[in-house]
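Okay, so here's the structure we're looking at.
FYI, it's all coordinate maths here, none of it is from the lab. Keep in mind it's a predicted model, so treat the numbers as computed, not measured. Cβ coordinates were reconstructed from backbone atoms using ideal geometry, including for glycine residues, and neighbour counts include every protein chain displayed.
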Amino acid sequence: MSTAQHFQGQTALPPSRPTDTRYDPQYDPLVMPTPGAGRDYAPTYWVASAGEPPPDDGPVLRDMDVDVVVIGGGSTGMSTALYLAQDHGIGAVVLEANQTAWGCSSRSGGQGQNASGRLTRSQWIERWGLDTAKKLDTEIRTGFENFRALTQEIDCNAFDGGHLYVAHRASKVAYLQEQTRVRRDIFGYGTRMMSAEELRENYCDERDAHAAMWEPEGVGVHPLKFTFGLMQKARALGAKVHTASPVQGWQTINGVHHLQTPGGVVRAKRVVVCTGGYTGQRMTPILKNKLLPILSNSVVTRPLTDAELNATNFKSQTFLTDTRTLRFYYRLLPDNRLQLGSRSAISGADAERPVHLKLLTDAIARKFPPLAGIQIDYSWWGWVDVSHDMMPRLTRPDPTQTVWHALGYGGNGVSFSTWAGKRIAQRVAGKDQGQAVFQLPIYSSPLEYPNFFKLFRSEALAPFRRLGQHFLYKWYWMQDEL
Ligand SMILES: Cc1cc2nc3c(=O)[nH]c(=O)nc-3n(C[C@H](O)[C@H](O)[C@H](O)COP(=O)(O)OP(=O)(O)OC[C@H]3O[C@@H](n4cnc5c(N)ncnc54)[C@H](O)[C@@H]3O)c2cc1C
């Protein structure tokens with residue numbers, strides 16, 4: 001009679017009740033099956049400054065039958081629940097392993113860019129041709145404007161000041177000039193170049209800078225307050241958000257998904273996976289070896305004194321990134337602290353090593369010498385989800401299964417995750433048929449493992465993935481700094 005597809009190999013993981021709810025700094029998605037159950041937030045500045053989390057629906061406490069489950073309670077999952085309710089009248093159930101926005105959405109730089117993933121618009125043209133690049137631009141721009149509007153509705157300390165892309169060496173100025181030309185002449189943006197002197201005079205005295213590209217599209221937010229706001233909107237429209245409810249096992253029986261959580265089995269007709277870089281390798285075979293989780297480290301200093309603000313000439317909260325391959329992202333926060341982050345650590349076990357913190361404090365000293373040695377009040381890290389081409393995929397990977405995913409932002413999802421929620425909700429509701437926008441590569445081609453790492457895709461070679469990443473980082477560092 002019934003055909004049972006047993007995910008996670010042949011055996012579901014045994015359900016486990018939350019026993020240890022302490023924050024685990026060494027959590028590693030390549031090693032552990034789930035990010036825990038009801039664990040504390042990472043010790044981020046955002047958690048310390050967001051206030052009490054708004055009410056959620058608590059853990060799953062019994063078996064239940066529902067229509068749509070969203071796995072993962074970050075900004076992607078909450079937006080998906082919001083738009084399922086708002087646009088399609090579907091009250092979804094969000095299952096979050098730990099707390100609302102526990103993953104990247106409470107750890108990011110909060111830099112909301114007019115982007116989805118890491119590829120530049122010139123790279124879109126190279127890969128997919130001008131026609132597709134223009135359509136993709138229309139789509140991403142629409143998504144950014146939707147995000148911008150949401151940041152006005154939600155109390156999230158939004159600063160709509162654009163984005164400064166800083167040439168960290170003279171040889172990068174020509175690259176930024178070309179990026180500016182493409183954005184202005186081909187896509188019609190008001191992007192412009194600015195000299196190092198203008199940057200230092202009007203924004204901040206960034207000593208690494210040789211010039212900068214300024215784009216008016218960029219909104220810095222308090223990412224945790226923003227995601228709390230998305231959750232409140234979604235719940236007000238009928239969504240349920242169950243925290244401390246990790247999906248620990250998944251079977252599909254007669255087309256119904258049986259999702260095992262510590263408090264009960266949630267049976268769902270449709271499932272949307274929004275677990276980002278926290279996607280466990282064993283959650284579903286559909287996603288095994290499809291994403292590379294990569295660590296991003298971040299620090300926030302104590303508030304700058306008036307003397308330090310004068311010495312660094314900070315006049316704006318506009319956010320900045322630089323042209324390094326392992327780029328730094330940084331900005332002045334509303335209470336005059338400096339946030340700065342980059343990529344350095346490779347495994348969870350490695351993340352606490354002082355060398356990774358030093359990379360960030362050295363960067364502060366180089367970019368803003370008057371701040372050398374400044375006290376660091378917050379230091380944390382989180383896992384971003386990287387796909388083969390650094391662009392997200394919002395698809396239904398197997399047409400025989402009622403499972404969708406919105407994953408693979410490559411660490412650039414603060415803004416796009418909200419639009420991802422809108423589009424994936426449309427797909428789950430069956431409203432994507434015959435719509436040309438869903439022919440775009442991010443909606444029509446599969447999520448794949450990054451090319452370099454495909455070499456190490458087999459289980460036997462898995463330990464060498466991290467070694468490969470280590471050598472790649474060394475190579476990037478030599479290119480960026482020597
Ligand atoms: C340090 C850092 C800095 C960043 N800076 C920026 C930036 O400045 N700009 C930008 O655009 N992007 C940035 N990002 C990326 C950005 O934060 C994310 O792309 C964005 O928040 C969207 O996240 P998400 O909702 O897809 O995933 P997440 O917020 O990571 O949410 C995924 C959730 O899934 C849950 N989960 C996982 N497995 C299970 C399971 N089995 N059952 C139930 N729940 C599960 C996790 O607990 C987690 O809460 C940064 C990320 C990091 C880590």
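Okay, here's what the table says:
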| item | result |
| --- | --- |
| Residue in the stretch 194-215 that is crowded, with 19+ Cβ neighbours inside 10 Å, under 14 Å from residue 113 (Cβ atoms), hydrophobic (A, V, I, L, M, F, W, C) and under 26 Å from the mean Cα position of the chain (by Cα) present | yes |
| Among residues of the stretch 161-173, those that are in contact (Cβ under 8 Å) with a residue 24 or more places away in the chain, assigned to a helix (DSSP H, G or I) and either in contact with an Asp or Glu (Cβ under 7 Å, 6 or more places away or on another chain) or among the small types (Gly, Ala, Ser) (or both), counted | 1 |
| The one condition in (1) buried (at least 22 other Cβ atoms within 10 Å of the Cβ); (2) more than 13 Å from the ligand (Cβ to nearest atom); (3) under 19 Å from the mean Cα position of the chain (by Cα) that residue 289 fails to fulfil | (1) |
| Any hit, the stretch 388-398, residues being surrounded by fewer than 23 Cβ atoms within 10 Å (Cβ to Cβ), of a type in the set (D, E, K, R) and within 18 Å of the chain's Cα centre (by Cα) | yes |
| Segments classed as strands (runs of 3 or more DSSP E), wholly inside the stretch 25-130, with at least 3 members that are more than 9 Å from the ligand (Cβ to nearest atom) and more than 16 Å from the chain's Cα centre (by Cα) | 64-71 |
| Within the stretch 216-254, considering residues that are under 18 Å from the mean Cα position of the chain (by Cα) and β-branched (Val, Ile, Thr), the one nearest to residue 95 (Cα to Cα) | 227 |
| Number of positions in the stretch 174-195 that are aromatic (Phe, Trp, Tyr) and part of a helix (DSSP H, G or I) | 1 |
| Residue 339 vs. criteria of a type outside the set (Ser, Thr, Tyr) and part of a loop (DSSP other than H, G, I, E, B) | no |
| Counted residues, the stretch 131-160 - those being among the hydrophobic types (A, V, I, L, M, F, W, C) and either surrounded by fewer than 16 Cβ atoms within 10 Å (Cβ to Cβ) or outside any helix (DSSP H, G or I) (or both) | 5 |
| Yes/no for residue 300 being over 24 Å from residue 422 (Cα atoms), β-branched (Val, Ile, Thr) and touching a residue at least 60 places away in the same chain (Cβ under 8 Å) | yes |
| Pairs, first within 16 Å of residue 123 (Cβ to Cβ) in the stretch 174-203, second small (Gly, Ala, Ser), C-beta under 6 Å, six or more apart | 176/167; 182/122 |
| Any hit, the stretch 390-410, residues being without any contact (Cβ under 8 Å) to a residue 24 or more places away in the chain and either within 27 Å of residue 257 (Cβ to Cβ) or in a strand (DSSP E or B) (or both) | yes |
| Qualifying positions in the stretch 361-389 - in a strand (DSSP E or B) and on the phi > 0 side of the Ramachandran plot | none |
| Residues located in the stretch 122-140, provided they are basic (Lys, Arg) and farther than 18 Å from residue 419 by Cα | 127 |
| Leading residue by the ranking (farthest from residue 66 (Cα to Cα)) among those in the stretch 243-268 that are within 14 Å of the ligand (Cβ to nearest atom) and among the aliphatic types (A, V, I, L, M) | 244 |
| Residue 271 being within 14 Å of the ligand (Cβ to nearest atom) and not in a loop (DSSP other than H, G, I, E, B) | yes |
| Close pairs (8 angstrom Cβ cut-off, 6 or more residues apart or separate chains): over 13 Å from residue 364 (Cβ atoms) in the stretch 324-338, within 15 Å of the ligand (Cβ to nearest atom) and part of a loop (DSSP other than H, G, I, E, B) anywhere | 326/343; 326/344; 333/317; 334/157; 334/317 |
